[in-house]
Amino acid sequence: SIAAFRGFTSAAVLDPFWATNPVCEGGESPLTCEYRVSRPSVAVMMLGGRDVLAFTAEDYRASVEQVVQQSIARGVIPVLTTFVVLPERTDVYPLSLEMNMALLDIAEAEQIPLINLWAAAYPLPDHGIGPDRSHLKARVGDYCNFAGAEQELGGTLRTLLTLQALDALRVNVLNVTDD
């Protein structure tokens, strides 16, 4: 994906400097380039994992609001996803809570879908975070194993929640049925 790149922050997806893909036009941000090229009807977004290291909650909120507004203006349904930070990460945990609350507020204000991964992963071992204490826990072969892996692996839980959200949008908003 043009707009999904390791290390991107909510501000980076809005900055034309980061639109390095050759299909991007001058002045396009990674987000606008992605939307022009891919023409999606829905965009599932999880922004914040890097933002907690660089931004205030207010800056984060402003960037995410811009992402949401640009998405809606282009006819794309943005689906926000909260992110998980371990409470032991005292350097960023309090800020992660503020940022996740901002996501909840934005989703409510804009009446857009939100996947509350933070709440869903809370009861998982280590809140679904892997041994690096930063990324969602995953295991090869279990990314889509919904026969129990979603109760242990944050990555699998995220996949399940995302598929459920997309299915709800498919049926209730996009009016696409299995017929």
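Name every residue in region 42-63 that is more than 16 Å from the chain's Cα centre (by Cα) and assigned to a loop (DSSP other than H, G, I, E, B), in order of residue number.
Answer for region 42-63, where residues must be more than 16 Å from the chain's Cα centre (by Cα) and assigned to a loop (DSSP other than H, G, I, E, B): Ala54, Phe55, Thr56.
Select from region 42-59 the residues that are closer than 20 Å to Arg158 by Cβ and crowded, with 19+ Cβ neighbours inside 10 Å and list them in ascending order.
Ala43, Val44, Met45, Leu47, Gly48, Gly49, Asp51, Val52
Taking only region 18-32 into account, find how many residues are in a helix (DSSP H, G or I) and at pLDDT 95 or above.
So the count comes out to 3.
Count, please, the residues in region 124-145 that happen to be farther than 22 Å from Val85 by Cβ and either part of a helix (DSSP H, G or I) or among the acidic types (Asp, Glu) (or both).
Quick first cut of region 124-145, residues farther than 22 Å from Val85 by Cβ only: 140-142, 144-145.
With the extra rule that they be either part of a helix (DSSP H, G or I) or among the acidic types (Asp, Glu) (or both), the set shrinks to 142.
Adding up the residues that qualify gives 1.
Do you know which residues across region 87-111 are under 24 Å from Pro125 (Cα atoms) and either in contact (Cβ under 8 Å) with a residue 60 or more places away in the chain or not in a helix (DSSP H, G or I) (or both)?
Selection gives Pro87, Glu88, Arg89, Thr90, Asp91, Val92.
Which members of region 146-171 meet the condition of being in a loop (DSSP other than H, G, I, E, B), open to solvent by 50 Å² or more (accessible area, probe 1.4 Å) and not small (Gly, Ala, Ser)?
Phe146, Glu152
Within region 70-86, which residues are in contact (Cβ under 8 Å) with a residue 24 or more places away in the chain and either in a loop (DSSP other than H, G, I, E, B) or surrounded by fewer than 19 Cβ atoms within 10 Å (Cβ to Cβ) (or both)?
If the condition is that a residue be in contact (Cβ under 8 Å) with a residue 24 or more places away in the chain and either in a loop (DSSP other than H, G, I, E, B) or surrounded by fewer than 19 Cβ atoms within 10 Å (Cβ to Cβ) (or both), then Gln70, Ile72, Arg74, Gly75, Val76, Ile77, Thr82, Phe83, Val84, Val85, Leu86 are the ones that fit.
Of everything in region 129-145 that's out of contact with any Ser or Thr (no Cβ under 9 Å at 6 or more places or on another chain) and charged (D, E, K, R), which residue is most open to solvent (accessible area, probe 1.4 Å)?
My answer is Asp132.
The values are calculated or read from the model by the stated rules, or taken from the named source; none is laboratory data. Because the structure is predicted, anything quoted here is derived from the model rather than measured. For neighbour counting, all protein chains shown are included, and Cβ atoms are generated from backbone atoms with ideal geometry for every residue, glycine included. SASA here: full protein model, heavy atoms, side chains in, ligands and nucleic acids out. Shrake-Rupley method; radii C 1.70, N 1.55, O 1.52, S 1.80 Å.
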